[in-house]
1. Give the stretch 249-283 a look and list any residue that's in contact (Cβ under 8 Å) with a residue 40 or more places away in the chain and more than 22 Å from residue 136 (Cβ to Cβ), or say none.
2. What helices (runs of 4 or more DSSP H), lying completely within the stretch 24-137, carry at least 1 residues that are more than 30 Å from residue 249 (Cα to Cα) and away from the ligand (no atom under 16 Å from the Cβ)?
3. How about the stretch 172-251: which strands (runs of 3 or more DSSP E) wholly inside it have at least 2 residues that are away from the ligand (no atom under 14 Å from the Cβ) and more than 16 Å from the chain's Cα centre (by Cα)?
4. Across the stretch 148-170, which residue is surrounded by the fewest Cβ atoms within 10 Å (Cβ to Cβ) among those that are in contact with a helix residue (DSSP H, G or I) (Cβ under 7 Å, 6 or more places away or on another chain) and under 23 Å from residue 131 (Cα atoms)?
5. Please find, among 58, 76, 86, 69, the residue that is closer than 15 Å to residue 30 by Cβ and touching a residue at least 60 places away in the same chain (Cβ under 8 Å).
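Since every read-out is calculated from the coordinates, none of them should be taken as a lab result. Predicted model only: the values in this text are computed from it and were never measured. With ideal geometry, Cβ positions are generated from the backbone for all residues, glycine too; neighbour counts draw on all protein chains shown.
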Ligand code: PMP
């Protein structure tokens, strides 16, 4: 696999960053994940805009222009022959060659790393056909979940807790209300109405969330953005999650309770279809 690191395209085994890089020492870094279908990037602009916002919130410099980022994405997709898969982009605050809590001088160059993952069955994964099983766990992450940082330890632990329970993923709960999934936004459907938590600093502002809510409204589906409990979701007609890497993922079980008849619900399936259709049409 060819990867990109600070201006160079290299075999993955030759790509290097400093051991003093703050991404490594302090999780002082942000990232983005853009999916690829038919060799093209889905919603690249959305991801580029959110990256800029994450960098601004952390007073980190932009590593390069949006146009250059697009060119790097495209070149990696090309060099690695990605038809369906993901492009990961990581930006760290870099390093001035030592460890210190204080940020290095503002002119310290950030580190920029991109790599691809080929996933031929991205658009028709087995999980999307059978639906995901979810457990709920407490949300003990920090208070700026709207910034897409690489602090993924707790989400990673949540995913492991789900696996140990024989499930696929975990939804997190704070102050009695569902925040989001370990790596996706969370929704349930009751009497035809789609319910999801409103945007705030408590959740990541999903790029897929934005597109799916717009498409749902265009398809005359009813959408309500409000706080909701796990019990509401457990007794819903159906549920689903959204993310750039899994699109619209039906949920068929929450904390052992089966939703509907235990198969992906009609609204989740329809939204998945509408989303994939439009994503393919607007990919660049
Ligand atoms: N919430 C969290 C915590 C996530 O990690 C992700 C995926 N990166 C999402 C939501 C979904 O965001 P997007 O649709 O932009 O992938």
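1. 270, 271, 272, 274, 275, 276, 278, 279, 280, 282, 283
2. Filter on the stretch 24-137 gives 44-57, 66-79.
3. By residue number, 185-190, 193-196, 222-225, 238-243.
4. Looking at residues that are in contact with a helix residue (DSSP H, G or I) (Cβ under 7 Å, 6 or more places away or on another chain) and under 23 Å from residue 131 (Cα atoms), I get 168.
5. From the options 58, 76, 86, 69, the qualifying one is 58.
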